[in-house]
């Protein structure tokens, strides 16, 4: 239906699993990818931010198949160029909020009004 005008992917690979029509739309809009692996979605992305591997490079919570949460400690230090996914999302939000407060800041990307 071509509804999104921007797409953020976090630790997923829709490029490999979405229908071809959806991927064609993603190729025409800004895509931000936060991930630890390179794949079809990173090929579509305009910006790729390296995340951290939960339970290896950072602590985090995973969920068993029956929905039970399991807290996991980090095992090793992550590379200096990587941040936790949560940190990246919070930082992006803060920067967007600052931009929205600035007067006379025009968006660099104007969504297609015909996409709806």
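Structure values in brief
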| quantity | calculated |
| --- | --- |
| Residues located in region 47-62, provided they are assigned to a loop (DSSP other than H, G, I, E, B) and out of contact with any helix residue (DSSP H, G or I) (no Cβ under 6 Å at 6 or more places or on another chain) | 52, 53, 55, 56, 57, 59 |
| Test: residue in region 38-46 that is at pLDDT 90 or above and either within 18 Å of the chain's Cα centre (by Cα) or outside any strand (DSSP E or B) (or both) | yes |
| Complete set of residues in region 1-22 that are touching a helix residue (DSSP H, G or I) at 6+ places or on another chain (Cβ under 6 Å) and farther than 24 Å from residue 91 by Cα | 2, 15, 16 |
| Qualifying residues in region 26-37 (those that are within 23 Å of residue 2 (Cβ to Cβ) and at pLDDT below 90) - the one surrounded by the fewest Cβ atoms within 10 Å (Cβ to Cβ) | 27 |
| Candidates 86, 94, filtered to the one that is surrounded by fewer than 16 Cβ atoms within 10 Å (Cβ to Cβ), more than 13 Å from the chain's Cα centre (by Cα) and assigned to a helix (DSSP H, G or I) | 94 |
| All positions within region 58-77 that are surrounded by 15 or more Cβ atoms within 10 Å (Cβ to Cβ) and within 29 Å of residue 6 (Cα to Cα) | 58, 60 |
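The values are calculated or read from the model by the stated rules, or taken from the named source; none is laboratory data. Since we're looking at a predicted model, the values are computed, not measured. Ideal geometry is used to build each Cβ from the backbone, glycine not excepted, and the neighbour counts take in all protein chains shown.
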